[in-house]
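Below is one structure, written out as structure tokens; the observations come after it.
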Amino acid sequence: MKKKEKPTHPYIPNSAPKIKAKMLEEIGVKNIEELYADIPASLRYKGELNLPEAILSESALKRHVEGILAKNRSCQESISFLGGGCWPHYVPAICDEVNQRSEFLTAYAGEPYEDHGRFQALFEYESLMGELLDLDVVNVPTYDWSQAASTSIRMAGRITGRREMLISDTISPDRLLAIRNYCRPVVNIRMVGHDPETGLIDLDDLRSKISSSTSGIYFENPSFLGFIEPQGKVISDIAHENGALSVVGVDPISLGVIVPPSHYGADIVCGDIQGLGNHMSFGGGHGGFIATRDEEKFVMEFPSRLFGITKTAVEGEYGFGDVAYDRTSFGVREEGKEFVGTHAALCGITAGVYLSLMGPKGLQELGQSIMQRSQYAMKKLSEIKGVKAPLFTSPHFKEFVVSFKEARKTVEKINRFLLERNIFGGVDLSPHFPELENCALYCVTEIHTKEDIDQLVRALKECLG
Amino acid sequence: MGKEKEPKVRNFHQAKWDEPVIFELDTDGERGILIPEVEKEIEECVGDGVSALPENMRREKPPALPEVGQMRVLKHYLRLSQHCLGADLNVDLGQGTCTMKYSPKVHEEFVRSPKSAELHPSQDESTVQGALEIIYKLDTFLREISGMDSFSLQPGGGSHAILAMASIIHAYHDLKGEADQRDEIITTIFSHPSDAAAAAVKGYKIITLYQNEDGLPEVEALKKAVSERTAGLLITNPEDTGIFNPRIEEFTKIVHEAGGLCGYDQANANGILGITRAREADFDLCFFNLHKTFSSPHGCGGPATGALGVTEELKDFLPVPVVDHDGKKYFLNYNLAHTIGKVRSFHGVFPAFLRAYAWVRSLGPEGLKEAAHIAVLNNNYILKKVKELRGASAPYAKGRHRIEQVRYSWEELTKDTGVTTEDVTFRMADFGFHLWSSHHPFVVPQPFTIEPTESYSKEEIDEYLTGLRKIVEEAYENPEKVKNAPYRSVVHKIDNSTLDDPKKWAITWRAYLKKHKQRE
């Protein structure tokens, strides 16, 4: 039998032998090895990479990868109450239709001509977020809320010329780890305590810690623990009286029913857009936003791209481009503000599609239905002996702390019991908040039906009964 | 082999819908999507829900979002997509340093499967063994490709990985009590701007080495730059010129002897897969952009991944968690003694991991090397052809080959005709192409950077070159034609004068209305 010829890899067209030979000839070399002449022998990797052999056919590759993915049990196959910064919201079909378009999915850094659509879509995203936040400046998305908060804090430091940030201690522990790393060693972080009953920021503690070294106070609303902080105005006033800024992290999906932070004195607002039409994707669907007033002293401190609208040589035509490019590291390397690179643009385009679909009424109804469903869940859970929900007495939006302290059962044990009944219980708070031992953070959104919640309640009754 | 066709530029015109801004589609009362109705029993139990809000927290006036019906929203965004040329449509050679290779479509089926899209990052480990397996195995692949000992996939892009490298360098010296003393990071002008900028975020003073006539930084300059203040070196190789620094081992040695660590920016490693590794050049840290070398699509600029690798000595500094295997199952390991904490929330951008995993599996060890070979072949073919263009040149390393890309110059073209790089890039849009200038500062005058990767066929490459040739001809015959371009793109010459003026810039539609349309 004739020896089988090795097929040309479908992803590498010019490895077809005749083409390869022709190109080598044009270059004037005998083989590809000659093109690597600059790499000294001592640096050449002598061995063969110890990697699994190629799966050449697409059909076999699909079977292989899907075989691995089949080992996962997704939230779609279960009832999940996990939130804590990555949220299960419904993703409209049009969001996926738009973000899987080749034109958007495989574009990158084209000029505002051939990539006019990328510029306009991201400008529209900025604009839609601007309405939601009631602010005139929003960035092209950064990586996620962690980065958005970190950068907001560094911006506050540069704007005030001060080096200490106060942070509410009910912040997401995951986010705090990123902020601490991003600020070290330039900005010092000091934590501000909360009232154990209400969860709200301890204003006395805030007043005692704020000083002429404080660049700002950062808090989240709704907080990581789900409750709403109604003292925003007082907190912002305390910051401003001390020459510091008010920096607020917010879940944008709450803003159909809750006032945006700009209404209670926030100078810089940040948060995450995963919930706005982006799938959870094991934490891969995040994008961070940062927003401020349209004042030069704020705008010039953004590290991100800011796409602006302008005109063209043709009357009535919109053009788009980079606003104040020379503040970025692309423009002036280390002299720029922090750095800019590849962040989460496609999540921004998707969030723009989401907000366009929702409109003002959609967001209002969405916010209301989330509040109703989560209140129902809290009420029903509280009726279970040994369960307190919510733990904090303040009003909540979509997440809340469920305390199993009286039931004297660990969240780990409870969640294992629930898992056997195909329910993903809330995030265990015990490892992160010592005072919240045997407490879990539950998340209820518009996707949870009454029956989902009732099932949870029945399972917990069984578990704790 | 089919008959060779005479390459020519297309009679192209990009879609031009004259599409309004979404707010202009606002029609009172239209709805794009409805929310699931709350069950009657829930409403009876809790009432309207929003009354629970304290009065001062209630949003009485809804956000002024547009009201648009569903099909119109779809149409609007599809039209915008047609105003955009992704690598799937463009012959995307012109975005040098960015490795605009083919992103296999079958990967999109994997990332869109609910088995990956509907996973929550805090799920019980037993329910995400498949996801953890992907992460763990990709980590082992990347170890093999780099020679490093452990990877974190958490950073959300190349610049983010540089930040993580700088953070580890800082933590390492801090542990030794030398963080205050070692306050300088050395980089080179042809390394990515973020090698300087992201390190500066960590408070470092940046020392930038410039190129010699070969386009490379001098060993002697490095020797002068290092001292007891040196924290580390962050460097690309081959640099953005596509020239490989053959003395890189001396660089890492000098920095190590001065007590610093060496971080290898391998955002783009496409020309050297299986050819040379971070390990052999004695680097302590490196990173690969999964959205460049490893095929994850660029998504208009993310989400993405800068996979960060380190030697055994630095493993305990990685961000948490990393994925480990105990012989039976995969698990998340938060137990790293000196961890810098986190750089991105949760585990990073899982869809990018999944695509990179599938890409490596679809190529295998031989295929990876072949991808590198052909990327280098394509690049040197283009180098030969661009050098033949009147007015174009390839500064530095005369007579030598390049690795995966070349930074070229239109200096002569500009001198001869007044046509600049920028003019050429805009004219390229008329043929359905993209050409990028280069990162600032423009050390190479009138620069442009081409990186063909392994993905484009010779015929496509020839078509692209024909576009360049045509513009050169125009520049010498009728420079105004080039300078007033584009003509066949979505829009015409953009007026940038408002974009740097605080009184006129408009970053949102509402700001535009206030500043330019005098909304009351």
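Read the figures in this text as sums done on the coordinates, not as results from a lab. These numbers were taken from a predicted model, which means no experiment stands behind them. Note that we place each Cβ from the backbone using ideal geometry, even for glycine, and neighbour counts take in every protein chain shown.
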**Q.** Filter result (in a helix (DSSP H, G or I) and more than 25 Å from A:Ser356 (Cβ to Cβ)) within the range A:77-104
**A.** A:Glu77
Q. If you take the residues of the range A:243-282 that are in contact with a Ser or Thr (Cβ under 6 Å, 6 or more places away or on another chain) and more than 26 Å from A:Gly359 (Cα to Cα), which of them is surrounded by the most Cβ atoms within 10 Å (Cβ to Cβ)?
A. A:Val247
(Q) For the condition more than 7 Å from every other protein chain (Cβ to nearest Cβ), crowded, with 19+ Cβ neighbours inside 10 Å and in contact (Cβ under 8 Å) with a residue 12 or more places away in the chain, what is the one hit in B:Leu80, B:Leu85, B:Leu93? (A) B:Leu93
Q | Selected residue (criterion: nearest to A:Ile384 (Cα to Cα)) from residues of the range A:394-422 that are of a type in the set (Gly, Ala, Ser) and part of a loop (DSSP other than H, G, I, E, B) | A | A:Ala407
Q) Out of all the residues in the range B:280-326, which are in a loop (DSSP other than H, G, I, E, B) and under 17 Å from B:Gly232 (Cβ atoms)? A) B:Ala281, B:Asp282, B:Phe283, B:Asp284, B:Thr311, B:Leu318
**Q.** Looking only at the range B:28-47, and only at residues there that are surrounded by 12 or more Cβ atoms within 10 Å (Cβ to Cβ), facing another protein chain (nearest Cβ under 7 Å) and free of Cβ contacts under 8 Å to residues at least 24 places away in the same chain, the one that is farthest from the chain's Cα centre (by Cα)
**A.** B:Cys45
Q: Answer yes or no: is there a residue in the range B:344-361 that is surrounded by 19 or more Cβ atoms within 10 Å (Cβ to Cβ), more than 20 Å from the chain's Cα centre (by Cα) and farther than 26 Å from B:Met100 by Cα.
A: yes
Q | Given (1) in a loop (DSSP other than H, G, I, E, B); (2) within 14 Å of chain A (Cβ to nearest Cβ); (3) without any contact (Cβ under 8 Å) to a residue 60 or more places away in the chain, number of the condition B:Lys253 does not satisfy | A | (1)
(Q) Could you check the range B:278-337 and list, in sequence order, the residues that are farther than 20 Å from B:Tyr172 by Cβ and among the hydroxyl-bearing types (Ser, Thr, Tyr)? (A) B:Thr293, B:Ser295, B:Ser296, B:Thr305, B:Tyr330
Q: Could you check A:Glu317 against (1) in contact with a helix residue (DSSP H, G or I) (Cβ under 8 Å, 6 or more places away or on another chain); (2) closer than 30 Å to B:Cys300 by Cβ and say which number it fails?
A: (1)
Q. Pick from the range B:398-414 the residues that are within 30 Å of B:Glu144 (Cβ to Cβ) and over 23 Å from the mean Cα position of the chain (by Cα): which of them is farthest from the other protein chains (Cβ to nearest Cβ)?
A. B:Arg400
Q | Filter result for B:Leu163 (in contact with a Pro (Cβ under 8 Å, 6 or more places away or on another chain), under 17 Å from B:Leu314 (Cβ atoms) and either part of a loop (DSSP other than H, G, I, E, B) or within 12 Å of another protein chain (Cβ to nearest Cβ) (or both)) | A | yes
Q. In the range B:500-518, which residues are within 7 Å of chain A (Cβ to nearest Cβ) and over 17 Å from A:Gly130 (Cβ atoms)?
A. B:Asp500
(Q) Go through (1) crowded, with 20+ Cβ neighbours inside 10 Å; (2) touching an Asp or Glu at 6+ places or on another chain (Cβ under 6 Å); (3) within 26 Å of B:Leu93 (Cα to Cα) for B:Ile461 and report which single condition fails. (A) (2)
Q: Give the number of residues within the range B:196-234 that are assigned to a helix (DSSP H, G or I) and farther than 16 Å from B:Ser159 by Cβ.
A: 7
Q.
Where the second residue is among the aromatic types (Phe, Trp, Tyr) and buried (at least 24 other Cβ atoms within 10 Å of the Cβ) and the first is under 17 Å from B:Glu118 (Cα atoms) and at the interface with another protein chain (Cβ under 7 Å from one of its Cβ atoms) and lies in the range A:90-109, which pairs have Cβ atoms under 7 Å and are six or more apart or on separate chains?
A. A:Pro92/A:Tyr354
Q. Quick one: in the range A:136-148, which of the residues that are over 20 Å from A:Gly336 (Cβ atoms) and part of a helix (DSSP H, G or I) is farthest from the other protein chains (Cβ to nearest Cβ)?
A. A:Trp145
Q: Could you tell me whether any residue of the range B:349-367 is free of Cβ contacts under 8 Å to residues at least 40 places away in the same chain and among the polar types (S, T, N, Q)?
A: no
Q. Of the residues that make up the range B:124-138, is at least one in a loop (DSSP other than H, G, I, E, B) and either at negative phi or more than 7 Å from chain A (Cβ to nearest Cβ) (or both)?
A. yes
